[in-house]
Each structure stands twice: as structure tokens, then as C-alpha cells.
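All of the numbers you see were taken from the coordinates with simple rules; none came from a lab. This one's a predicted model, so the numbers in the text were calculated from it and none came from an experiment. Glycine also receives a Cβ, built like all others from the backbone with ideal geometry; neighbour counts cover every protein chain displayed.
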Amino acid sequence: MKSLLPIYQALLRRGLIALSSLASLALAAADSEPPEVLRLASAQFTVGEPVWHSLILGNAVSEAKLTSLQGARSILGAGEIRHDGVGDQRRYWLCYHLPHARQGLWLLSEAKRSDGSHHITRIALHSRPDQQPGANCPPLHEAQQWLTLDGYAWIGASSAEVQSVMGVATLPADGWWRFEHHRRLEGRCDRTRYRTNWLWLHFANGRVDGIDAGQISNC
């Protein structure tokens, strides 16, 4: 009778290869998940203008009332809309890799419209030195690998440069400088309803290396 050991070893190798492939897929999916959002400060209603109005990503322009994930994917030419959560906690996003800056870019939506589109409510640009591009987080073309808010490319800016434009941040914590604008909404919303527009800049070694910006409304 032939030994069953070679057969067992072959099956074991196949099993290990399958487990390795599944682990790689799981890591790739986890790497494409957006970073957790910081908690917004309690609504202290402010006057003046929102902290930012327009975003430019390569040749794609969006105002604070942002474009949809479907529109962004069409303009950028790549990306898979992913989602997690259930009910009111459900969120959708696109993930991209910026090889030149070793950063990850996420466009997120927590607002599904009646026509089925997902308007972008948040943009996150975070340092990801170990992130690898893949199907879940494809690289952007070179012409699309730059991001500006109201004409400012904040990545690499010093604290002095940020203060000269934005003023003093609210409650800096964990390396983040937080700028927020809260406004009560009139008309169909009562006085408990408001819109928040924010720009958070993350500092490392005295320079901005991350951006989290967006606009949400509870009306």
C-alpha cells in the first residue's frame, strides 16, 4: 500500500496557498477601508463663510455641495464603490492610491439620494507609506495626483503657513488642527437643524501630511 503522506502533504500545501490568498485579499480589503472620522466639535454656531468652498482633484472640480461617487468614478476613470455598515450607519466610498506621495485618498458618502446616487460628504487624504495599489484602491494617473482646497495644496504646509490663511485651529489634538464652521439652516428646517463644514489638517514633523474635509447636514 502506498503511503498517504505525499497526498496529505499536497493537500496541506493547497490549503495553505488558499489560506494565504484569502489572507491577502482580506488585508487588501482592510487597507482600502477609509480611516475613522474624528468626532466633530459640539456645534458652536459661527458667522462668516464656510472654511472651504471648492476642491480640485486633478482635472475634477467639486464645490462644498459635493459631486457624487458615481460622477467622481466616471471622471477619474477607475475605482470600485464599496460600502459597510447598516441602516443610518451605512457609508459608501471610493479609495485611490497616490504613489508619488505614498498616500491614500478616500471619497466618502453617507448621503444616499432618492435617485440612488451617493453625494460625497467627506474627503480624506492620509499618509499610507505601506499601502499598495490594487483593485480596491487603484493608483490615480499622474495628472490626477494633486489635491487643492480653495486653491491651497495643504500637504507639506508648515504650521505658520496654515495659521496665516486659516487662523488658530480649534482644540488641536492627536496631531490634528481642526477648523469647523457650523450654520443653522433656515426654511424647512427648524432651529435645531444645522450644517457643518470642516477642514482638519494633520501635522507630522511640523508639516501637514493629512487632510480630512467635508460637509454634512442633519436636515
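Of note:
- Here the extension length gained between A204 and D150 equals 17.2 nm, from 0.36 nm per residue of separation less the Cα-Cα distance.
- Pairwise FRET efficiency - Y194 versus Q89, Cβ, R0 = 22 Å, nearest 0.05: 0.60
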